[in-house]
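Notes to accompany the following structure.
The values are calculated or read from the model by the stated rules, or taken from the named source; none is laboratory data. Because the structure is predicted, anything quoted here is derived from the model rather than measured. Positions of Cβ are backbone-derived with ideal geometry, glycine not excepted, and every protein chain shown enters the neighbour counts. With ligands, DNA and RNA removed, areas are computed over all heavy atoms of the protein, side chains included. Shrake-Rupley method; radii C 1.70, N 1.55, O 1.52, S 1.80 Å.
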Amino acid sequence: MNKPLLASILAFASLGATAQVTTPAVDSLVKAYVAINKFNGTAVVVREGKIRYQKSYGYQNATAKRLNAPTSIFPIGSLTKSFTALVVLKLAEEHKLSLDNSVSQYIPDYPRGKDIQIRHLLTNTSGIYEKFRNRQFYEQLTSTRAFSTAERLAFFQQEPLDFEPGTKFSYSNSGFDLLGLIIEQVTGRSYAEAVRTYILSPLHMTHTGLGFAELQDAHKTKLYAYLSATKTVEVQPWNASLTYSSGGLYSSAEDLLKFYYGLSSFQIISPETFAQATTPFLGGYGYGWYIDQVQGERVIDHGGNIEGATSYFLLMPEHRIGIILLNNITSTSLEKLGTSLYAALRNKPYRVPQPKKAIYLPEAILAQYVGTFEVSGPV
């Protein structure tokens, strides 16, 4: 790589940096992911109840040269499931439903609904067909029209169960969509209104909601399949009437920080209910949370990954650690960054990614591979 190009990439990587750095290891890790174009957004780290790191990188809008900031708003994808589960658990605390209730009590004609409990939906053990396996669903994701409840259900409800409820773990967006419908039935409100009533308003989360595509806000990010100093590939947001209560929410780092404090101080549900929610069932999944091990230590986390945006949220109550990562690029590396940040905070081993080095071959060697090639079978 020549020096002018390297300088432009480093300049791009530093764009949008905010707040004072107090944890050098954390700063070095985040910058390493920025340098390889795997992080473009906001990172927040809390330790012992205090913000130890809060910085933003890259563009909120590359065309307008508007920088990311803690107020920037991102789709959070499957982190939505933690919000959905929290509302269900709050309704259970209020004795408005029981986790042992069946799906058929709220959706009477749902196939095998009498055998599927709310608890199965929360723990991803229902056996319900995953809607992303339906090609038609996937092809509609960037559609701009609103899909009805019946249309949303049609992508999965007539498919046979993959296994008997409660016997296996299989991550299910479809199951969490059913939880959204149950929330609507119990509260008499739309899913978005219920989330606002039970979580967003009590925690003063003013930049979180459902429907990123329709959002009109100066802090709204553009979404990118890839974004670097030399290449920009913008993508369209997914339709929240399809991603719904399994993946349709948006938020900001500032709001998710309020969410972290609200969870940690049990402002929404009791310590007893939170303990139940973060006790793993099958597959290391509780009620809307993964219960993972990072370097032998138990952490509670969840991520979200959609085209053009990724999110990661970790809390470790025993050490009062919270990690919030929001990206407006497609990335499969955000969870790795999050767990590495946790390891750094706990003085555990972690790996810092290095930029790939270009390999140059003499023209004589390259010429040996020039020719016409035939590929058999599907590509």
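A few notes on this one:
- Among (i) 86, 63, 42; (ii) 70, 57, 43; (iii) 78, 58, 43, the entry derived from the coordinates for Cα extents along the principal axes in Å: (ii)
- Near residue 34: Cβ cut-off under 11 Å, other residues only, Lys/Arg at +1 and Asp/Glu at -1. The net charge is +2.
- Anisotropy class assigned to the stretch 175-267 is oblate, per the alpha carbon gyration tensor with a/c at or over the 1.5 cut-off and a/b no larger than b/c.
- Folded to 0 to 90 degrees: helix 3-14 orientation relative to the chain principal axis, Cα: 30
- For a paramagnetic label modelled on residue 189 (point 7 Å from Cα along Cα→Cβ), amide N atoms under 16 Å away belong, within the stretch 55-87, to 83-87.
- A straight chain from residue 48 to residue 164 at 0.36 nm per residue would run longer than the Cα-Cα distance by 37.5 nm.
- Accessible surface of the chain, 1.4 Å probe: 52 percent of it comes from carbon and sulfur atoms.
- Label zone at residue 100 (point 7 Å along Cα-to-Cβ), backbone N below 18 Å, the stretch 267-300: 273, 276-277
- With a Förster radius of 22 Å applied to the beta-carbon distance between residue 298 and residue 25, the computed FRET efficiency rounds to 0.55.
- Potential extension, residue 276-residue 93 segment - 0.36 nm per residue separation minus Cα distance: 64.7 nm
- The chain: angle of helix 80-93 to the longest principal axis, Cα-based, in degrees nearest 10: 20
- Amide proton proximity set for residue 59, modelled H, under 5 Å, gap of 5+: 68
- Taking each residue as 0.36 nm, the span from residue 150 to residue 336 lengthens on full extension beyond its C-alpha to C-alpha distance by 63.2 nm.
- For the chain, the solvent-accessible area of protein heavy atoms averages 46 Å² per residue (probe radius 1.4 Å; ligands and nucleic acids excluded).
- Global form of the stretch 133-197, assessed from the alpha-carbon gyration tensor, a/c cut-off 1.5: oblate
- Considering helices alone, the calculated mean residue ellipticity of the chain at 222 nm is -9000 deg cm²/dmol, with DSSP H runs of length four and up weighted by -39500 (n - 2.57) and normalised per residue.
- The Cα atoms of the stretch 234-287 give a gyration tensor whose axes a ≥ b ≥ c have a/c of 1.5 or more with a/b no greater than b/c, which makes the shape oblate.
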